[in-house]
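Down below is the structure, laid out as structure tokens.
Throughout, read-outs are computed from the coordinates displayed, never taken from laboratory work. Note that this is a predicted model, so its numbers are computed, not measured. When we count neighbours, we look across all protein chains shown, and the Cβ atoms used for this are built from the backbone with ideal geometry, even at glycine.
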Amino acid sequence: MYRNVYNGGMHETYQLFKYDTCPFCQRVLRFLAQVPQLEVPLRDIYTEPGAMKELLQGGGRTTVPCLRIDRDGEVQWMYESLDIIAYLQAKAG
Ligand SMILES: N[C@@H](CCC(=O)N[C@@H](CS)C(=O)NCC(=O)O)C(=O)O
């Protein structure tokens, strides 16, 4: 469904859980605008039905931003805007 990042044999796909008035989300979104080669679909937890529940059930809390990383089906939920940016920066190369 989403373009994969291929890294050392591992395929990764990303989703960013966010909402627009969150300044920490805006920080990540500003970064994403600079790396268009990374495809990171946005999941708005206020406007998209079910997104907040999915974040809570998957990540354990509703704090945003949260990056959902899917590595060939193994899912990691990464909180903290600066961690998310550092992680994706490394992937962007
Ligand atoms: N240190 C975190 C702060 C994240 C944060 O405080 N997010 C707020 C929205 S701006 C939030 O989701 N608060 C509700 C909660 O933690 O459940 C980051 O940099 O990502």
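With +1 on the Cβ of every Lys and Arg and -1 on the Cβ of every Asp and Glu, and nothing else charged, how large is the dipole of the range 3-93 about its Cα centre, in debye rounded to the nearest 20?
Its charge dipole is roughly 160 debye.
Along Cα→Cβ, 7 Å out, is where each label goes; now give me the distance between the ones at ARG71 and LYS53 in nm to one decimal.
With each label point 7 Å from Cα toward Cβ, the separation is 3.0 nm.
Just to be sure I understand: with springs between alpha-carbon atoms less than 10 Å apart, which residue in VAL40, VAL28, VAL75 has the highest mean-square fluctuation in the Gaussian network model of the chain?
Checking each option, the largest mean-square fluctuation is seen for VAL75.
Return the unpartnered cysteines for the chain, using a Cβ-Cβ cut-off of under 4.7 Å.
CYS66
Roughly how compact is the range 5-92, stated as its Cα Rg over 2.2 N^0.38 Å to two decimals? Write down the numbers at each step before the final one.
On the way: Rg = 12.3 Å, N = 88, 2.2 N^0.38 = 12.1 Å.
Taking the Cα Rg and dividing by 2.2 N^0.38 Å, one obtains 1.02.
When the helix-only estimate is applied to the chain (DSSP H runs of n ≥ 4, each -39,500 (n - 2.57), divided by the residue count), what is the mean residue ellipticity at 222 nm, nearest 500 deg cm²/dmol? Write down the numbers at each step before the final one.
On the way: 3 runs with 33 residues, N = 93.
Mean residue ellipticity at 222 nm (helix-derived): -10500 deg cm²/dmol.
Ranking request for peptides 60-73, 43-56: highest mean number of other beta-carbon atoms within 10 Å first, then the rest in descending order.
60-73, 43-56
I need to check one value: relative contact order of the range 5-92, counting alpha carbon pairs closer than 8 Å and at least 6 residues apart, in percent.
On the way: 128 pairs, mean separation 30.9, N = 88.
So the answer I get is 35 percent.
By how many degrees, 0 to 90 and rounded to 10, does the Cα axis of helix 23-34 deviate from the longest principal axis of the chain?
That works out to roughly 30 degrees.
Taking θ as phi - 60°, what are the ³J(HN,Hα) couplings along the range 42-57 by the Karplus curve (6.51, -1.76, 1.60), each to the nearest whole Hz, with x for Gly and Pro?
9, 10, 7, 6, 9, 9, 9, x, x, 5, 5, 5, 4, 5, 4, 6
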